[in-house]
1. Could you list all residues from region 303-337 that are surrounded by 15 or more Cβ atoms within 10 Å (Cβ to Cβ), in contact with a helix residue (DSSP H, G or I) (Cβ under 7 Å, 6 or more places away or on another chain) and not in a helix (DSSP H, G or I)?
2. Out of the residues in region 142-183 meeting the condition of being within 18 Å of the chain's Cα centre (by Cα) and among the aromatic types (Phe, Trp, Tyr), tell me which one is surrounded by the fewest Cβ atoms within 10 Å (Cβ to Cβ).
3. I need every pair where a residue in region 168-184 that is closer than 11 Å to Tyr145 by Cα has its Cβ under 7 Å from the Cβ of a residue that is more than 13 Å from the ligand (Cβ to nearest atom) and outside any strand (DSSP E or B), sequence separation at least 6 or different chains.
4. Within the group Asp206, Asp187, which residue is loosely packed, with under 10 Cβ neighbours inside 10 Å, in the same structural domain as Trp105 (by TED's automatic domain parsing), away from the ligand (no atom under 12 Å from the Cβ) and in a loop (DSSP other than H, G, I, E, B)?
5. Limited to region 121-141, what total is found for residues that are under 9 Å from the mean Cα position of the chain (by Cα) and in a strand (DSSP E or B)?
6. For Leu298, only one of the following conditions fails: (1) open to solvent by 30 Å² or more (accessible area, probe 1.4 Å); (2) assigned to a strand (DSSP E or B); (3) closer than 24 Å to Val200 by Cβ. What is its number?
7. Would you call Lys71 assigned to a loop (DSSP other than H, G, I, E, B) and either outside the structural domain of Arg163 (by TED's automatic domain parsing) or not hydroxyl-bearing (Ser, Thr, Tyr) (or both)?
8. Taking interchain pairs and intrachain pairs at least six residues apart, which have beta carbon atoms under 9 angstrom, with the first residue in region 80-92 and farther than 15 Å from Leu143 by Cα and the second hydroxyl-bearing (Ser, Thr, Tyr) and outside any strand (DSSP E or B)?
Amino acid sequence: MMIETNKSLLPYHTFGAKVNAKYFTTAKSSHELAEIISENNNNNEFMIIGGGSNVLFTKDYEGLIIKNEIKGFEIIDEDDSTVTLKIGAGENWHNIVMKTVEKGWQGIENLALIPGTVGASPIQNIGAYGVEVKDVIQEVEVLDYSDFTLKTYSAKKCQFGYRNSIFKNELKGKISVISITIKLNKDWSFNTSYGAINDVLSKKPDLEVTPLRVANVIIGIRNSKLPDPKEIGNCGSFFKNPVLANTIADSILKEYPNAPHYPVGDDFTKIPAGWLIETTGWKGKSKGNVGTYPKQALVLVNNGGATGEEAWDLAMTIQQDVYNKFSIKIEPEVNIV
Ligand SMILES: Cc1cc2nc3c(=O)[nH]c(=O)nc-3n(C[C@H](O)[C@H](O)[C@H](O)COP(=O)(O)OP(=O)(O)OC[C@H]3O[C@@H](n4cnc5c(N)ncnc54)[C@H](O)[C@@H]3O)c2cc1C
């Protein structure tokens with residue numbers, strides 16, 4: 001194992017802040033990862049990263065960054081209608097989506113083009129266009145730092161919620177995800193409940209709806225709405241969409257009858273954080289080198305040379321402005337380091 005010092009993190013996260021890690025290494029197997037962490041005996045603070053697409057580094061990292069590069073793609077069960085796959089945490093999520101849809105397997109096509117790794121997918125239960133990774137996850141295999149053994153969490157034990165899981169809460173800093181096991185369908189039933197997907201599909205009604213076609217539609221929609229981190233530094237949706245008690249949502253809808261809103265069970269309503277930010281006047285506006293993306297106010301973008309600290313400062317200003325206008329505190333989705 002090689003540990004590098006004072007390593008620039010620029011290539012290892014998508015926001016593009018010029019920050020260094022005091023120590024940096026990569027792990028290609030669970031064994032290697034266990035060795036790195038157990039031998040980290042001067043008790044440096046450490047952090048696992050995948051693609052760095054859901055982190056904002058606000059300053060240099062004074063500990064050890066371990067980039068997860070554990071690969072693997074294995075069919076562990078298959079019958080006429082389903083296939084069960086075990087996938088290494090260091091695999092690129094989007095590549096795995098494309099690999100499965102090209103085989104005609106259905107289940108994660110709506111999650112195409114989400115940046116980052118397979119191992120990070122259960123951490124915040126990634127989701128898009130009406131699908132969350134929890135819908136297909138059977139198990140998550142983790143390295144438990146307390147005894148350096150591998151443990152398996154069934155989907156139920158993962159306590160998945162909206163952009164949430166046990167790994168963001170009581171297991172934060174105590175485990176690394178090593179692999180996930182997902183079950184996909186060979187028989188198709190598509191979740192095209194999002195209007196935008198239907199709009200595109202219905203333009204060619206004679207064409208068969210396949211997992212590959214749905215993934216390509218999603219890729220087209222996302223490319224038209226979201227900045228490509230390779231061109232414009234960003235970390236995706238900066239805030240979570242607030243889930244509000246119906247009484248609170250109703251009072252907003254009374255004042256703004258056209259506000260987008262989605263029921264969550266019988267008692268709650270989700271109002272898009274992007275709409276709240278836009279309504280406070282922040283859409284497409286900048287402060288210093290950071291701004292909100294003109295096509296989607298929920299994404300904070302690096303206009304060039306921005307520091308993570310600047311982004312965090314803008315995020316806090318936006319949070320306060322939304323609170324002042326709506327009395328709603330929007331919470332960051334991104335991991336602030
Ligand atoms: C343009 C853009 C669009 C996005 N769109 C979406 C979207 O539609 N839906 C969505 O849900 N997210 C979206 N995201 C957020 C992000 O892509 C996901 O959260 C993704 O899962 C992060 O993967 P990563 O490997 O980059 O994680 P990182 O950013 O490297 O890590 C994120 C967190 O997970 C932890 N972590 C990473 N790997 C492991 C591991 N193996 N074990 C334990 N902990 C780990 C890290 O310590 C950190 O706390 C988007 C981001 C961008 C930049």
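1. Answer for region 303-337, where residues must be surrounded by 15 or more Cβ atoms within 10 Å (Cβ to Cβ), in contact with a helix residue (DSSP H, G or I) (Cβ under 7 Å, 6 or more places away or on another chain) and not in a helix (DSSP H, G or I): Ile328, Ile330, Pro332.
2. Only one residue fits best here, namely Tyr162.
3. Within 7 Å, the pairs are Lys174/Ser146.
4. Working: Asp206 fails: in the same structural domain as Trp105 (by TED's automatic domain parsing).
Within the list Asp206, Asp187, the selection yields Asp187.
5. Looking only at that region, the number is 1.
6. Unmet condition: (1).
7. Working: assigned to a loop (DSSP other than H, G, I, E, B): yes; either outside the structural domain of Arg163 (by TED's automatic domain parsing) or not hydroxyl-bearing (Ser, Thr, Tyr) (or both): yes.
Yes; evaluated as a whole, the condition is true for this residue.
8. Listed pairs, sorted by first residue: Val83/Thr100; Leu85/Thr100.
The values are calculated or read from the model by the stated rules, or taken from the named source; none is laboratory data. Note that this is a predicted model, so its numbers are computed, not measured. Cβ coordinates were reconstructed from backbone atoms using ideal geometry, including for glycine residues, and neighbour counts include every protein chain displayed. For the accessible areas, the whole protein counts, side chains as well, though only heavy atoms, and no ligand, DNA or RNA atoms are used. Shrake-Rupley method; radii C 1.70, N 1.55, O 1.52, S 1.80 Å.
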